[in-house]
């Protein structure tokens with residue numbers, strides 16, 4: 001990381017501001033957990049079962065969290081120690097943060113997020129870009145109730161069409177994210193990463209039919225496999 005903006009990204013004030021938000025979210029999560037604990041007791045779920053549910057949920061959250069940790073390590077050299085920690089802990093995701101930050105730096109005239117040595121103005125622009133871009137998802141809660149009712153109405157009339165429509169929407173979104181890397185055929189690292197991730201997901205989905213618990217971890221494992229392949233191509237083969 002260049003010194004030009006590290007006085008912002010790794011400053012004590014940045015740590016304090018990010019820490020306040022994360023602590024607030026942790027308190028909020030604890031309050032929801034307490035409310036769920038009380039409500040589950042009211043509807044007749046005994047204490048032993050509730051403890052079992054909490055333990056199993058905690059265990060099954062470990063592997064899906066690995067890609068988040070890896071993404072933090074990847075973003076940290078470019079964005080500092082604290083801001084990626086905030087983004088990936090609250091409302092952001094690895095895919096969104098990387099994509100938005102790359103868009104911001106390319107708009108500022110840099111090749112990619114890995115270029116580094118940004119000016120303070122560029123770093124602040126990255127922060128605003130990833131923050132403002134995700135705010136719309138928070139506002140979606142205002143229309144989700146109507147959206148859910150409409151989807152239920154469509155499902156009751158034609159379940160097959162609803163399933164197909166949501167699948168097409170998801171595939172379209174993923175295609176939008178992947179297209180810039182697929183069309184750049186000279187970027188061997190990106191192409192290998194996509195192939196390994198997709199292949200791993202396919203094999204894990206097949207295997208999960210025989211071993212059901214694997215289904216919960218297939219997405220996380222495929223992401224880790226893709227990241228590992230990117231590291232191999234970049235470091236062993238020179239990142240052709």
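The values are calculated or read from the model by the stated rules, or taken from the named source; none is laboratory data. Bear in mind the structure is a predicted one, so any value in this text is a computation, not a measurement. Note: ideal-geometry Cβ built from the backbone for every residue, glycine included; neighbour counts use all protein chains shown.
Couple of notes before you dig in:
- Any hit, region 201-210, residues being surrounded by fewer than 11 Cβ atoms within 10 Å (Cβ to Cβ), free of Cβ contacts under 8 Å to residues at least 60 places away in the same chain and assigned to a loop (DSSP other than H, G, I, E, B): yes
- Tally, over region 88-117, of residues that are in a loop (DSSP other than H, G, I, E, B) and more than 27 Å from residue 26 (Cβ to Cβ): 7
- From the list 180, 213, the one residue that fits, being assigned to a helix (DSSP H, G or I), without any contact (Cβ under 8 Å) to a residue 12 or more places away in the chain, more than 20 Å from the chain's Cα centre (by Cα) and farther than 30 Å from residue 147 by Cα, is 213.
- So residue 138, is it free of Cβ contacts under 8 Å to residues at least 40 places away in the same chain and either farther than 26 Å from residue 66 by Cα or assigned to a helix (DSSP H, G or I) (or both): no
- Some residue of region 108-121 being within 19 Å of residue 91 (Cβ to Cβ) and surrounded by 10 or more Cβ atoms within 10 Å (Cβ to Cβ): no
- Filtering region 154-181 to residues that are farther than 26 Å from residue 99 by Cα and at pLDDT below 80 leaves 154, 155, 156, 157, 158, 159, 160, 161, 162, 163.
- Number of residues in region 221-240 that are at pLDDT below 75 and within 17 Å of residue 68 (Cβ to Cβ) equals 0.
- Test result for residue 223, assigned to a helix (DSSP H, G or I) and surrounded by 12 or more Cβ atoms within 10 Å (Cβ to Cβ): yes
- Condition check for residue 74: in a loop (DSSP other than H, G, I, E, B) and surrounded by 15 or more Cβ atoms within 10 Å (Cβ to Cβ): no
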